[in-house]
1. Which residues, taken from segment 23-45, are under 17 Å from MET1 (Cα atoms) and of a type in the set (Lys, Arg)?
2. Provide a single number: the residues in segment 1-35 that are touching a Ser or Thr at 6+ places or on another chain (Cβ under 8 Å) and in a helix (DSSP H, G or I).
3. What are the pairs, 6+ residues apart or on separate chains, where a residue within segment 51-63 that is of a type in the set (D, E, K, R) has its Cβ under 7 Å from a residue that is loosely packed, with under 15 Cβ neighbours inside 10 Å?
4. Working only within segment 20-40, note down all residues that are at pLDDT 95 or above, loosely packed, with under 12 Cβ neighbours inside 10 Å and polar (S, T, N, Q).
5. Please work out which residue is farthest from PRO3 (Cα to Cα), limiting yourself to segment 46-70 and to residues that are among the aromatic types (Phe, Trp, Tyr) and crowded, with 16+ Cβ neighbours inside 10 Å.
6. On the basis of being of a type outside the set (A, V, I, L, M, F, W, C) and surrounded by 15 or more Cβ atoms within 10 Å (Cβ to Cβ), does LYS43 make the cut?
Amino acid sequence: MLPLYDNGKGSNYDLQHFIKSKAPNRARWDYHTVHIQQLNVFKSVRHEEIFAKFASRWLGYLNGHYSDHN
């Protein structure tokens, strides 16, 4: 479900856009940085590439490198 939290410019705070068909609740930058920290913790525990991939992409969003995948 991790891709559902990615909005192409940052992370979503929750999944209300998926569950309730509402507009995405985009996370503020301070929450977005917490999401990156959480991904790095998951990566260090699980050693799964998806966590590194999203942490890198979301770190890029902080620097204005937006994704066109959404």
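1. ARG26, LYS43
2. 4
3. ARG57/SER67
4. Result: GLN37, single match.
5. Once the filter is applied, the top-ranked residue is TYR61.
6. yes
The values are calculated or read from the model by the stated rules, or taken from the named source; none is laboratory data. Please read these numbers as outputs of a predicted model, since none were measured by experiment. Using ideal geometry, Cβ is built from the backbone for each residue, glycine included, and neighbour counts are taken over all protein chains shown.
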